[in-house]
Amino acid sequence: MCGIVGVLGKHEVAPILVETLKRLEYRGYDSAGIATLADGRLDRRRAVGKLVNLSDLLVHDPLPGKSGIGHTRWATHGGPTVANAHPHRAGGVAVVHNGIIENYKELRAQLSGQPFESETDSETIARLCEHHIAQGLSPRDAVTRTVNALEGAFAVAFLFDGEPDLMIGARKGSPLAVGHGDGEMYLGSDAIALGPMTDRVTYLEEGDIAFLTRSGVEIRDADGKLANRDVRMIAGQATQIDKGGHKHFMAKEMFEQPTVLSECLAYYAPGDTVAIPGQSPDFTDTDRVTMVACGTAHIACQVAKYWFEQLAGLPCDVDIASEFRYREPPISGRATALFVSQSGETADTLAALRYTRDKAATILSVVNVAESSIARESDLALPIMAGVEVGVASTKAFVCQLGVLANLAILAARQKGRIDAAREAELLAQLRALPGLISQALMGEEQIRRRTAKLAQATSALFLGRGPMYPMALEGALKLKEISYIHAEGYASGELKHGPIALVDKAVPVIVLAPRDALFDKTISNMQEVMARDGRVWLVTDAVGAAQAGDGVWDTLVMPAIDPIFAPILYAIPAQLIAYHTALHKGTDVDQPRNLAKSVTVE
Ligand code: AGP
């Protein structure tokens, strides 16, 4: 999604703006631009593609000024062109915007006399603000009038001709933070953007408008009243984004998994019982768990469904957020609604959460960003402790989401009287063994690197699994698709013969995820149906499974032996490594795959 930065500085800001935008690259973008104010006059530079193109432009055509705003754009309305790139200007107003203005066509119609340069909804914001200034309103009042007329989701930052010590920011549906400097003030989409400039941050609330000068900020709430928002200290690691010696953020984050999962598990269960610091969920009276998420987070919910149902006996619904509220599902008054989101800003998931407001008994969220919109609108937000995840393909966040969900399912099982203390201790011991097993699984990287050289030549692939390995097959397919651009599908292996087996031939690699669980034999039978039709099977199982069923397969990836219940957490590793190395062979942009964004803050 788009990234926003603004600086009221003491020094030339163009280099700072570009460097800050580089920290927002992980959000995904296809054009970028900055605007600065020099001698009371706004000017801007914009470029399509990566930030290096903007930097090159600035080398040849510098932008002076100590006030500035910058933007990385992930195209929604209008393609990635210079004309559509932000900042947008109208007269003496420059604006950068993250989100979607849903009533931009009506607003454009009201401004029909004005010449529009772009196809974007965002330009309408600049034009409307300029219109109000032309009517005699001050910049402050013009922004307030403009923002109140916008429908949809937005985070915006404004600069004005003739106002060297004024920057205005506003949020509704997309995050925006104010940074407090020493004689400087900042705006940014998130703490990562502001990290190099300050560790003191104020997160704006829904409807807030922030009026910044170099001496401070005045925040007014949605009703126009003065609002007193906390200044929070952001921890250093919350803004650390370096590759730690790895070639890609995704590689770094995959290899961080043993550590961050250990920390996550220790936070939720330091001993032999689940003991969540502070407020703890209570499933005692819950009659149903409704889980809603998108993408990999949705897959985490699909895995957790097995745990809640098998351990706690709790019926579970799992929904894709973009479908959920439009189905208008009845929500039990005793239901626990649970939303999983790494970024905590996914618009579909946030909208689904709002649908359950006043319906479900409790709204829980499992998030990686404590200050995110989803966290703030939940009754209880549970952190996954994964640290900043920059790679667009979610890896360590996914594994930590599963770690938290496993703890919640164990807690629910105890509260429902389904497990005793000994069983709880046993389950937690199995969870605690996972970081070590993940470390072992990561050691299989070299074999995967070699085998994926062939996989990279395929145009389609299938992932198969049964039980909780079915959602893991979906995850393997999603990872492969999103970073190698190879079409892949995940299937319940028992479902293959009901149609998809027609896809099987020598050209289609079939990755079979088969820990030795109660369904192992059936999975192997399905695998043999594939091999009987010349399918190339890559069997992922443990040593005993490989000895029992490895004959004739294209290859076998031997995993550490594990008690089946938490095997999905371990089997995320081969799914990630297969996708990663296939993408390397194909030379795609692993950390910022085409068309994708790290946080999809538009519906
Ligand atoms: C996962 O690899 C993808 N990047 C994507 O599916 C992601 O999981 C999805 O967009 C949800 O994001 P969230 O967890 O921030 O809500």
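The values are calculated or read from the model by the stated rules, or taken from the named source; none is laboratory data. This one's a predicted model, so the numbers in the text were calculated from it and none came from an experiment. Positions of Cβ are backbone-derived with ideal geometry, glycine not excepted, and every protein chain shown enters the neighbour counts. Just the protein is used for accessible areas: all its heavy atoms, side chains included, with ligands, DNA and RNA removed. Shrake-Rupley method; radii C 1.70, N 1.55, O 1.52, S 1.80 Å.
Label-to-label distance, Leu226 versus Lys586, with points set 7 angstrom from Cα along the beta-carbon direction: 5.7 nm.
Within the full protein context, the accessible area of Glu102 is estimated at about 130 Å² for a probe radius of 1.4 Å. Using a probe of 1.4 Å, the accessible surface attributed to Thr459 totals some 110 Å² when neighbouring protein chains are kept in position.
Between Thr273 and Ala502, the contour length at 0.36 nm per residue exceeds the Cα-Cα span by 77.6 nm. With respect to the cross-link table entries Lys359/Lys479; Lys247/Lys481; Lys50/Lys586; Lys252/Lys481, which display a Cα-Cα separation exceeding 28 Å? Over 28 Å apart, Cα to Cα: Lys359/Lys479.
The residues of region 27-106 expose on average 35 square angstrom of accessible surface per residue, using a 1.4 Å probe on protein heavy atoms. Across the accessible surface of region 349-443, with the other protein chains kept in place and a 1.4 Å probe, carbon and sulfur atoms take up 53 percent.
Note on Asp282 and Ser439: the extension gain reaches 53.2 nm, defined as 0.36 nm multiplied by sequence separation minus the Cα-Cα distance. Taken per residue, the accessible surface of region 179-285 reaches 46 Å², heavy atoms only and a 1.4 Å probe. Would you mind calculating the relative contact order of region 9-50 from Cα pairs under 8 angstrom and at least 6 residues apart, reporting the percent as a whole number? Relative contact order comes out at 34 percent. With every protein chain in place and a 1.4 angstrom probe, the accessible-area ranking of Arg423, Arg27, largest first, reads Arg423, Arg27. Of the complete DSSP H runs in the chain, those spanning 18 angstrom or more by Cα along the long axis with a mean Kyte-Doolittle score not below 0.5 are 396-415, 567-586. Taking a sphere under 11 Å around the Cβ of Ser365 and counting the other residues whose Cβ falls inside, with K and R at +1 and D and E at -1, yields a net charge of -1. Nearest 5 percent is fine: what portion of the DSSP beta bridges confined to the chain is antiparallel? Expressed as a percentage, antiparallel bridges in the chain total about 60.
For region 458-511, give the percent of accessible area contributed by carbon and sulfur heavy atoms, probe 1.4 Å, rounded to a whole number.
Roughly 59 percent of what the probe reaches on region 458-511 is carbon or sulfur.
The residues of region 392-461 expose, per residue, 35 Å² of accessible area to a 1.4 Å probe. Extension gain, Glu12-Arg327: 0.36 nm per intervening residue step, less the Cα-Cα distance, totals 108.2 nm.
The portion of the accessible surface of region 60-120 made up by carbon and sulfur, rounded to a whole percent, is 55 (1.4 Å probe; DNA, RNA and ligands excluded).
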